[in-house]
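The values are calculated or read from the model by the stated rules, or taken from the named source; none is laboratory data. The structure presented is a predicted model; accordingly, all values stated were derived computationally and were not measured. Positions of Cβ are backbone-derived with ideal geometry, glycine not excepted, and every protein chain shown enters the neighbour counts. Just the protein is used for accessible areas: all its heavy atoms, side chains included, with ligands, DNA and RNA removed. Shrake-Rupley method; radii C 1.70, N 1.55, O 1.52, S 1.80 Å.
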Amino acid sequence: MLGIRRRRGRLALTGLVAASLLAMGGTATADARAGQGRPSGTTDLQFLALNDLHGNLEEPQGSAGNVTEIGPDGKPVAIPAGGIEHLATQLRAERAKNPNSLTIAAGDMIGASPLLSGLFHDEPTIEALNKVGLDVTSVGNHEFDEGRKELQRMQWGGCHPTEGCYTPGREFKGADFQYLAANVLDERTGLPILAPVTVKNVGGARVGFIGMTLEGTPDIVTAEGVKGLKFKDEIQTANNIVPWLRLIGIESIVVLLHEGGLPANNAYNYDCNAGGNLGLSGPVVDIAKGLDPAIDMVVTGHTHQAYSCNIPDPAGNPRMVTSASSFGKVYTKIDATYDKRTRDIVRTSVKATNTVVRRDTPKAPDLTSLLADWQKLAAPVSNRSIGYISGDIRGRGATTPESPLGDVIADAQLEATAPADKGGAQIAFMNPGGIRSDLQYAAAGSEGNGVVTYGEAFTVQPFTNMMQTLDLKGQAVLDLLAQQYTGGNAASPKVLQISKGLTYTTDRSQTGAAKIVAGSVKLNGVPIDPAATYKVRANEFLAGGGDGFAAFKTGTNKLVGGSDLDALLAYFAAHSSASAPLAPPAADRITFIG
């Protein structure tokens, strides 16, 4: 009846039980025999938690490869961090200290990946995580970048449906670890597309894991990537599952959730419970407060922040909520005591510490060998020079809402489609989340300082989003700018990157749509006319209303052509050379006041 099967030494719920966990309201009760005939004593458990690796196997470059630390003097210090070879060594050392360890993750382990992984549809990352020893992870929104079937291939293996096997005679075997997707259902069947939960037995302790991505995944992934899928509420999904886990005797329960928060300080060692006040905001706070008290800890991701915060559950008991930055720069070491009599984690015993993946850590030889194999395959493409820069051009690592690299990308997209026969674009918009890295002046390899390689450009724009030109009314353009600060973006604004010629003023002292100063929005010095029609360029994600920019959906006369990466490559070819490198833009198209 319970439909439990073994897969690679772990318990997983399947078929009928998977449907029951999500379709029923959860009326089962906990085992009434608690404490009768059970062994006494405790077991010390260790959880090593990751999130948002995004296929960063090599050491991440530029500001994207740094973490901030609060130094002994209270001042922030930037520390270079990350690299799968170093991460593997540190995790293995941690596990050697405590054999009762599990390595767990909260999604976005693949997707939006640098070229070394992205060029091969993230097979290198799955193989690397197998070697690292990952046990279980939730899905994240970026696991859906290439759609459901490709995600399932990551789990179960098989060569790519169109590109085949990358090495003759070597078929991709898939993940040794379990992907969990409790709140991602097939619209037709109502069943999860992957296992909703898994139970791990470690040192005699049975721990149940519920894995979920954020309910809003369809708003931040292309429509094709989530076609035929339904994403359910995180609290309701987890709380419906809990009674069923307890019915089969599982009292230790961990939620792996790809949704996160924003700490008041972005240092990895910031104490978010200092002074008795919670120094954390964002969606995860309300989710944590609503999750069933039987859940013992919540491992999160998505916001690329580092935190370990105690957020009391609905019964007022302490409950740890963690996140480990991004790109493999940090992992969270969680220590907990398991009571054999109650079969539960002793909540007051849970301690979580974020730990930097330091680059002076020796590299794991087997990971070095794996990377070398893929680097050899990627080298002819990755190392090709595509342009030149005179200094760092910050994108992901910019400290201002408008980034220099955002200006470059928007200009590249405008230029690619400004000719009348290619769409006649007048304005281009770029979503900030689609800019995945910086372009750094210092050479990452043997290419020389100031040289931009194809691999570096791919790391900045790894999605290969197709571009679209739309007719938008001026009012829709004004609405787009207002939507940066309203609706789903009100709590965490998303400032669109804009092409040259478009300017406006933002008043920080205002709220919502009032932040956009009336009359300040101009194209080439002329105020935007709400009744006029403008040719607007955006990638397919934005043009589909992604990131809460619904005004794009009012567009007409859609013209599709070229990818965002192709536009960037063409821009560098046209505007940079060894003797005249591209200078970092001033990023002054948006004026901020207040």
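Structure values in brief
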item	result
Amide hydrogen neighbours beyond the local backbone of Arg384, cut-off 5 Å, H modeled	Tyr454, Gly455
Out-of-range pairs (alpha-carbon distance over 18 Å; input Lys289/Lys333; Lys149/Lys227; Lys75/Lys363; Lys97/Lys351)	Lys289/Lys333; Lys75/Lys363
3J(HN,Hα) from dihedral phi, segment 206-219, Karplus parametrisation 6.51/-1.76/1.60, rounded to Hz, x for glycine, proline	9, 10, x, 10, 10, x, 9, 9, 5, 4, x, 3, x, 7
Set of aspartates and glutamates near Lys131 by C-alpha distance (under 12 Å), chain-local residues within fewer than 8 positions excluded	Glu85, Asp176, Asp366
Nearby lysines by direct alpha-carbon distance to Lys494 (threshold 18 angstrom, same-chain neighbours under 8 apart not counted)	Lys515, Lys553
Mean accessible surface per residue for the chain, computed with a 1.4 Å probe while every protein chain stays in place, in Å²	39 Å²
Packing-based order for 585-591, 321-327, 78-84, 165-171, using average beta carbon neighbours within 10 Å, highest first	321-327, 78-84, 585-591, 165-171
List Asp44, Asp479, Asp507, ordered by accessible area with a 1.4 Å probe, largest first	Asp44, Asp479, Asp507
Accessible surface of segment 369-512, 1.4 Å probe, proportion on carbon and sulfur as whole %	50 percent
Ratio Rg/Rh, restricted to the chain and using Cα atoms, in which Rh is the Kirkwood radius	0.97
Hull volume in cubic angstrom per residue (convex hull over the Cα atoms of segment 368-509)	162 Å³
Residue-averaged [θ]222 nm for the chain, counting only DSSP H segments that reach four residues, each worth -39500 (n - 2.57)	-6500 deg cm²/dmol
DSSP bridge orientation in segment 202-342 - percent antiparallel, rounded to nearest 5	35 percent
By average C-beta atoms within 10 angstrom, highest first, the peptides 175-182, 565-572	175-182, 565-572
Rounded percent of accessible protein surface that carbon and sulfur make up, segment 175-278, 1.4 Å probe	43 percent
Alpha carbon centroid spacing (whole Å) that separates segment 379-414 from segment 167-239	34 Å
Set of lysines with alpha-carbon distance to Lys340 below 16 Å, sequence-local pairs under 8 removed	Lys200
Packing-based ranking, highest mean first, of 410-419, 250-259 given that Cβ atoms within 10 Å are counted	250-259, 410-419
DSSP-defined antiparallel bridges as percent of all bridges, the chain, nearest 5	70 percent
